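Before any comments, here is the structure.
What follows draws every value from the coordinates through simple rules; no lab data is involved. Nothing here was measured: the structure is a model prediction, and the numbers come from that model. For neighbour counting, all protein chains shown are included, and Cβ atoms are generated from backbone atoms with ideal geometry for every residue, glycine included.
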Amino acid sequence: MGRIIYTANNRFFVKTDNGAGANDYDAQMIVKYFNNMKNIRQKNEWKTIGSGARFMNTYRPGNLEYLENSASINGVSACGGELIYSAFLGGIGGLYRKTLEKTADEGNIMSSNDIQVYKLSVFGGNCAASVGGGEQLLENCQMANNLVELDG
């Protein structure tokens, strides 16, 4: 049975050729990132909102637009019964593993503030990814048990 995997609005969609509609899945890493950022902002609101903040000249109007643009899914590929995806989370680039069970936790394959991972393709346990940090490189990696060995 064939399937098409695509992303929109930082969510995954999997459409199979059985005639049913597409199933949608959250990117848990992005949902957690947004929730953490909102919690941090709420904890610190007293410093930047209200008459005290105006008096101290630290007032900033509440605006969450920057949050929507601070995380994105850059690429996705199927690997067995899982999705391997690349994402950018507020300055951190990484590869993540997701099973197609809605309640299952995602895995962090690799992430760092030194890299950005863009498009990727997975075939037979090998992953080819476009990794950037000023120049575009094509890296091959072996994926086994959430470990990645990069070949330069």
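Points worth noting:
- A simple charge model with +1 on the Cβ of Lys and Arg, -1 on the Cβ of Asp and Glu and nothing else charged puts the dipole of region 92-131 at about 140 debye relative to its Cα centre.
- Compactness of region 10-126 - radius of gyration and Dmax, Cα, Å: 18.3, 62
- Contour excess over end-to-end distance, with Cα ends at N69 and E101 and 0.36 nm allotted per residue: 8.8 nm
- Estimated inter-spin distance, A22 and N36, nm [label 7 Å along Cα→Cβ]: 2.8
- Cβ charges +1 (Lys, Arg) and -1 (Asp, Glu), total dipole of region 1-99, debye: 380
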